[in-house]
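Please treat every number below as a calculation from the coordinates, not as lab data. Model, not experiment: these values are computed from the prediction. For neighbour counting, all protein chains shown are included, and Cβ atoms are generated from backbone atoms with ideal geometry for every residue, glycine included.
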Amino acid sequence: MSKSLTSEQPTVSNKDINVKVDNVSIQFGAQSVVKDVSFEVKPGEVFAIMGASGAGKSVLLRSIIGLIKPTSGKIWIAGKDAAIPRTHQSLRSTIVFQAGALFNSMDVFDNLAFYPREHHLHPESKIREKVLEVLKMLSLQDAAYKIPAELSGGMRKRVAIARALVMEPQLLLYDEPTSELDPIMAATISEIIATLRKETMATSIVVTHDRDLANSIADRIALIHKGRLLAVQTPEELNNNPDPIVQDFLNPDINVDNPRYKNL
Amino acid sequence: MNASSKSESFLLNNGISRFFEDIGNNVILLYQTLRYFPLAPTQLKRIVEQCYLMGLSTIPIVAILSFFIGAVLALQTGFVLSQLGAVEFIGAIVGLSMCREMAPVMVAFLLAGRVGSAVTAELASMKVYSEVDALKVMNVPAEKILVMPRLVAALLIMPILNIIATTIGWMGGMLVSKFINFIQLAPHIYWRNLKDFTVFPDIIDGTIKAEVFGFAVVLIACNQGLVTTGGPREIGSSVTKSVVTSMVFILLTDFFITRAQL
Ligand SMILES: Nc1ncnc2c1ncn2[C@@H]1O[C@H](COP(=O)(O)OP(=O)(O)OP(=O)(O)O)[C@@H](O)[C@H]1O
Ligand SMILES: [Mg+2]
């Protein structure tokens with residue numbers, strides 16, 4: 001059996017996992033979605049990415065995990081090219097997709113147990129224990145034997161997060177983890193992300209519209225505007241940033257007498 | 001006029017280039033999947049499950065249709081042979097044409113219709129709804145857990161389906177020869193003639209065809225599923241394309257395999 005066929009244990013340690021996005025541009029046909037973006041996420045950091053809908057956040061996240069190859073520029077994870085599958089075999093990286101991407105033909109339990117089973121991480125009894133523990137963390141015990149089609153939107157989101165957590169990731173990308181959740185559950189997710197960093201030194205990149213999440217747990221926030229990087233700052237710095245686009249994005253006022261859509 | 005001939009040649013180019021692109025994609029998928037064949041023992045559960053699904057969905061219809069194909073073969077040839085006074089050769093004709101030609105082609109067609117379409121629909125839906133992306137992120141190659149088990153299952157199930165179709169077809173021929181008034185051939189003469197002309201290498205040749213067709217049907221189905229992008233409509237057209245491509249492949253290669261075998 002050649003080495004590339006076996007499921008490899010991570011060879012890169014958590015303290016070396018940084019993500020360096022280097023002049024990345026991504027185009028779909030004529031549409032330029034990500035424009036010359038550069039930033040660096042440090043090992044163990046919780047890095048938030050914010051920006052308007054359609055700004056290119058999901059596309060950027062997919063290119064970090066290696067599903068999309070940048071049109072130009074490179075992304076380095078622990079010094080290795082993120083576009084090459086081998087990079088993601090040498091460390092445990094995963095993504096919580098915006099739409100979940102659950103395996104629709106499996107129930108929730110099997111969705112969660114899929115990765116550890118396929119890679120023989122633990123004996124079945126240990127996998128079971130771990131899956132049930134994560135399900136409990138996300139209040140999903142009652143849904144364990146439902147299939148994705150039988151879940152609510154927010155439940156599906158939580159299952160997607162749970163499935164990523166069971167993988168014991170070193171680098172975890174979240175695409176809007178709290179977008180369909182109630183305020184309490186959103187707070188729980190923020191706590192889980194922060195705890196994961198504290199306990200395992202995992203590096204997290206969180207695309208989010210949730211200002212509470214970004215302000216309370218992010219070390220730094222990147223603001224993306226129409227595919228360009230506008231700012232990378234700590235939550236405090238960003239909140240004090242005088243740039244009108246930044247301020248309007250963070251604290252949009254709702255003006256019924258002069259609505260935005262009439263000024264387009 | 002100029003414009004229309006231009007657009008025609010564009011269509012032609014487009015069609016031809018897409019034809020070669022299809023072949024290329026299938027070859028690449030085959031190449032990428034072959035690496036995982038040594039891991040088949042680790043995927044036993046999935047292989048058995050696929051065998052079960054493939055067998056369950058095709059055996060009843062294979063049994064019914066092969067009976068009628070054997071029967072109509074005996075009917076057609078019996079009509080002519082009875083005028084020549086040589087009805088005992090029905091055994092040879094039904095025996096050989098069932099096992100060398102009719103059974104493998106019919107089984108492959110039914111596999112394309114029942115299994116190929118289902119495989120394409122399932123994989124296309126997994127692709128469109130990002131499940132294949134999720135597999136990639138988890139370092140679990142789709143070729144290993146989706147494609148390889150299905151190809152192995154096809155290789156295991158096709159000889160069985162082929163033997164079932166062949167024997168039931170023979171029996172259909174036998175019953176028609178016995179009971180149709182202008183033939184009235186005694187079963188023991190039918191079987192003796194069949195045995196005299198149909199020898200073991202004929203069975204092997206038929207099985208080889210069945211294996212090639214079954215493998216190709218499932219490979220085409222998997223490939224067509226995994227190249228699908230878009231939404232529900234694209235899943236539907238992928239299923240159609242998978243079945244049509246399989247059938248064209250079966251009929252074209254059937255000629256060349258037969259030519260090589262004779
Ligand atoms: N596969 C694709 N093919 C073509 N265009 C795409 C593709 N994926 C995304 N786009 C385009 O890229 C742009 C950015 O999409 P993206 O999903 O990254 O937005 P986003 O910032 O995540 O928005 P949201 O906050 O609504 O999730 C959109 O205009 C979208 O239409
Ligand atoms: Mg998005």
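Using the Cα atoms of the range A:99-231 to build a convex hull, what is its mean projected area in square nanometres?
Averaging across all directions leaves 8.7 nm² for the Cα convex hull.
Put simply, when B:110-120, A:142-152 are sorted by average Cβ atoms within 10 angstrom per residue, most first, you get B:110-120, A:142-152.
Distant-in-sequence amide contacts of residue A:45, defined by a placed amide H-H separation under 5 Å and a gap of 5 or more residues or a different chain, comprise A:204. Within a straight-line Cα-Cα reach of under 21 Å, residue A:80 can be paired with the following lysines, leaving aside sequence neighbours fewer than 8 residues apart in one chain: A:3, A:15, A:20, A:42, A:69, B:136. Between A:65, A:127, A:184, the Gaussian network model of chain A with springs among Cα atoms under 10 angstrom shows the greatest mean-square fluctuation at A:184.
Based on the mean of other beta carbon atoms within 10 Å per residue, what is the order of A:160-171, B:36-47, most packed first?
A:160-171, B:36-47
Residues whose amide H falls under 5 Å from that of residue A:174, counting only those 5 or more places apart or on a different chain, are A:96, A:205, A:206, A:207, with hydrogens built in the peptide plane. Whole-Hz Karplus values for the range B:136-143 come out as 4, 4, 8, 6, 10, x, 4, 4 Hz, taken residue by residue from phi with 6.51 cos²θ - 1.76 cosθ + 1.60 and θ = phi - 60°; glycine and proline positions read x. The 3J(HN,Hα) values that the Karplus relation (6.51, -1.76, 1.60; θ = phi - 60°) gives for the range B:99-108 are, in residue order, 7, 8, 10, 5, 4, x, 5, 5, 4, 5 Hz. Gly and Pro appear as x. The Rg/Rh ratio of chain B, with both radii computed over alpha carbons and Rh defined as the Kirkwood radius, is 1.08.
Counting, for every residue in B:138-148, the Cβ atoms of other protein chains within 10 Å of its Cβ and taking the mean gives 3. Model label points for residue A:145 and residue A:179, set 7 angstrom from Cα along the Cα-to-Cβ axis, are 3.3 nm apart.
Roughly how crowded by other chains is peptide B:28-38, in terms of the mean Cβ count from those chains within 10 Å of each of its Cβ atoms?
Mean shielding count: 1.
Label-to-label distance, residue B:44 versus residue B:86, with points set 7 angstrom from Cα along the beta-carbon direction: 5.3 nm. If you find the alpha carbon centre of the range B:136-152 and of the range A:189-222, how far apart are they in angstrom? Centre-to-centre (Cα) distance: 33 Å. For the range A:102-168, the mean projected area of the C-alpha convex hull, equal to one quarter of the hull surface, is 3.9 nm². From the P(r) of the range B:19-88, could you give the percentage of C-alpha pairs in the tail past 15 Å? Distances greater than 15 Å cover 75 percent of the Cα pairs.
Across the protein assembly as shown the C-alpha pair distances fall into 20 Å bins from zero in the proportions 19, 41, 26, 11, 3, 0 percent. Here's the list of aspartates and glutamates a cross-link from residue A:198 could span, going by alpha-carbon distance under 18 Å and ignoring same-chain residues fewer than 8 apart: A:16, A:45, A:168, A:219.
Amide H to amide H, with H built 1.01 Å from N, residue A:228 comes under 5 Å of A:35, counting only residues 5 or more places away or on other chains. The string of couplings for the range A:99-115 from the Karplus curve (6.51, -1.76, 1.60, θ = phi - 60°) is 9, x, 6, 6, 7, 5, 8, 10, 6, 4, 4, 5, 4, 5, 7, 4, 5 Hz, one whole number per residue in order, with x for Gly and Pro.
Taking every DSSP beta bridge that has both ends in the protein assembly as shown, the antiparallel portion is near 50%.
What does DSSP give for chain A in terms of the percent of beta bridges that are antiparallel, rounded to the nearest 5? For chain A, the DSSP antiparallel bridge percentage is about 50.
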